[in-house]
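Undergrad: Got a structure for you, questions after.
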DNA sequence: GCAAAAGTGTTCTCAGTACACCCATGA
DNA sequence: TCATGGGTGTACTGAGAACACTTTTGC
C-alpha cells in the first residue's frame, strides 16, 4: 500500500467487531490474518491475527476513522459503536514480530491507538466480500494475536458485560425480530450465567419497549412456532434515564 | 516556556479535576486562567478559563502523563483517575481565541486530547501552592471556557453520574471519616436528587464495607455530635462483582 | 429551654426467585 | 404418537418507598 500523505502517523484506530452468532451460540470477534515470510528463505516470520485498524487522517474526526475502517471491512454502516479506551503504552509495538510488521507497514513505533468496539450479528457480514482474510473467533477462544490486541479485546469485552446490564446494547447484537428464547440465550452467553426461563419472560414482558409482533411467527426446523418480538427505540428513549439506569438485566 | 524536545506535538492529556466541597455543598471543577493582552495596544485578547493539560512525552505512558499533570497542579498523587474519552475533532482548536493561544504556546493545530477525570475533596488542594492561577468552579455554574473544554467537562460529569450508581467512586470524593448525612448530601448534590434520610441510613448500614468508627464523633459548631464512618476497600473488594454491579445507590 | 442537627421504626408494595408441567408442531 | 422446543402460574421473600417524631447537644 503506498504511503498516504494525509495520515497522522502516530495515531490509529483499532476496531473490535463483536458479532453474535445464533448458530454456534457464541459471541465472536472479527480478526484479520497477519502473515509474513522471510524474503530470503521463505521461513514464516509472522502468522497470527490482529484487529482491523487504520491511521487517522488529517482532516477526519476519530469517529469517522472508526466508521471508515468498519465500512471497508464489513461493508456496513450505522452500527452501534463505542470508543472505549486509548492504548498508548510506549512499548505496545515493541516485541520482535510487531517491530518487523511495523517496519513493513511504515508504522510509527510509538503509535497510540484509540480502540472502538462495534456490535452486530455475525450473519450480517459476508466474509468473502472483503479482500482481507477475515475470520470470526469466539471471544472465549481466541487465536494467537499480535500487538496488544488481546488486551484490547479483553477490555472491550469487560466493558460490554457491564453495558449489557445498564444499557440496551443487547439489541444491536440481535436481529430485528427475535424470540424471547433467543434473547435469553444471548444474555446467558455474553454474561456467562443461566437464567430461569419463566422469570426471564416475565421480566421482559413488563418492558414496554419490547413489543410482540402479533402477526408473525418464526418457523424453526420443526416444532412449535414461536412468537417474535422487536425492540422499540422510540419507546425506550421516552422512558426516564433513571428507569434505564436502575434496570439490571433487561 | 521553551520547547521540550521529547513531547509528542499532536497528543495531549486534559484533566478534569472534580473536588467535592462540604462547605458550599457543591461539586467543583478546578480550572486555570487563560489570559493574553495584545502586544501593541494592551487590549485583552483572551480572558477565560481552561482545564489543565499537557502534551504526552515520547517515553511516557498516557496514564503517567495524566498523573504528572495532576501532581504539578495539585501536588497530589495516587488519586482516583479515569481516562474517559478522546476528543479529536479536527476543528476543536479552530476558533479565533484558541488559534491565537495555540500559536503562542506552540501547539499543533490538530491536537488530539485524551481526557481524564480525577476525584478528590476540594479541601485537599491548596490553591496558593500552584504557580498557575487555579480556581474552583461549581460544575453547574462554570465560567466562559476556551477550546472544547466545556464539552469535556460535561461528558466527564455525565460519566461520573453513572459511575456513582455502579461503582464506589463516591468514596474518593469523601474524607476518610465521614458522617452518613455528609454522604447523603454528596449523593444528593452529584445526582441532583433528594433522598429519604431514614431509608438512606437503613440501606447504607446494610453494607458491610461501610464501617462505623465507634470511638470517634465529630464536633460541629454546636449541636449533637454525629457518628463517623469509613469505607473499607478491603471488605468491598471481597464482595462479588455481581453484588457490586447490581447495587444502585450505594 | 430552645434552636439545630442527629437519629430512629413500621407498614405497604412490588420485584425477584424458586420451582414443574402442558402445549403445539412436524415428522 | 412422539420428540422437540415453546410456553405458562404460584407462593415466598426481601428490598425499596412512604411517612413524623424523639434525642442530644451548646448556647
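Undergrad: Efficiency by 1/(1 + (r/R0)^6): what FRET value for residue A:202 and residue A:237, r their Cβ-Cβ distance, R0 = 22 Å, to the nearest 0.05?
TA: Once rounded, the FRET efficiency stands at 0.40.
Undergrad: For peptide B:53-64, what's the mean number of Cβ atoms from other chains within 10 Å of each residue's Cβ?
TA: 3
Undergrad: Further question on the same structure: Per residue of B:86-95, count partner chain C-beta atoms within 10 Å of its C-beta, then hand back the mean as an integer.
TA: 4
Undergrad: Turning to a different aspect of this structure: Which residue fluctuates the most in chain A, going by a Gaussian network model with Cα springs under 10 Å, if the choices are A:102, A:134, A:186?
TA: Of A:102, A:134, A:186, the most mobile in the Gaussian network model is A:102.
Undergrad: Per DSSP helix of 4 or more residues, -39500 (n - 2.57); summed, then divided by the residues of chain A. What does that give at 222 nm, rounded to the nearest 500?
TA: Result for chain A: -9000 deg cm²/dmol, rounded to the nearest 500.
Undergrad: Rank the residues B:12, A:232, B:123 as a footprinting-exposure proxy: fewest other Cβ atoms within 10 Å of their Cβ go first.
TA: B:123, A:232, B:12
Undergrad: Just grab the label-to-label distance for residue B:135 and residue B:71, each label 7 Å out from Cα along the Cβ direction, in nm (one decimal).
TA: 2.9 nm
Undergrad: Now for a separate question. What angle, in degrees between 0 and 90 and rounded to the nearest 10, separates the Cα long axis of helix B:180-191 from the longest principal axis of the Cα atoms of chain B?
TA: Computed tilt is about 40 degrees.
Undergrad: Springs between alpha-carbon pairs under 10 angstrom, Gaussian network model over chain B: which of B:238, B:161, B:71 fluctuates most?
TA: B:238
Undergrad: Taking the beta-carbon count within 10 Å as an exposure proxy, list B:58, A:182 from fewest neighbours to most.
TA: By the 10 Å Cβ count, ascending, the order reads B:58, A:182.
Undergrad: Further question: Select from A:217, A:33, A:81 the residue whose mean-square fluctuation is largest in a Gaussian network model of chain A (Cα-Cα springs shorter than 10 Å).
TA: A:217
Undergrad: Output the 0 to 90 degree angle, nearest 10, between the alpha-carbon long axis of helix A:149-166 and the longest principal axis computed from the alpha carbons of chain A.
TA: With rounding to tens, the tilt is 20 degrees.
Undergrad: If a paramagnetic tag sat 7 Å from the Cα of residue A:39 along the Cα-Cβ line, which residues of the range A:73-101 would have the backbone N under 19 Å from that point?
TA: Only A:97-101 pass the distance filter.
Undergrad: What is the order of A:55, B:135, B:149, fewest Cβ neighbours within 10 Å to most?
TA: The order, fewest Cβ neighbours first, is B:135, A:55, B:149.
Undergrad: Let me ask something additional. Using only Cα atoms, tell me the angle between helix A:62-74 and the longest principal axis of chain A; keep it within 0 to 90° and round to the nearest 10.
TA: Tilt relative to chain A: about 80 degrees.
Undergrad: In addition: Could you compute the FRET efficiency for residue B:144 and residue A:6, with r as their C-beta to C-beta distance and R0 at 35 Å, rounded to 0.05?
TA: My answer for the efficiency is 0.55.
Undergrad: How much length is gained on full extension from residue B:161 to residue B:78, taking 0.36 nm per residue of separation minus their Cα-Cα distance?
TA: Contour length minus the Cα-Cα distance gives 27.7 nm.
Undergrad: Next up: Which value in nm describes the separation of the simple spin-label points at residue B:91 and residue A:106, placed 7 Å from the Cα toward the beta carbon?
TA: The modelled label-to-label distance comes out at 3.0 nm.
Where a number appears in this text, it was derived from the coordinates with a stated rule and is not lab data. As the structure is a computational prediction, the values presented were derived from the model and not from experiment. Every residue, glycine among them, receives a Cβ derived from its backbone with ideal geometry; neighbour counts consider all protein chains shown.
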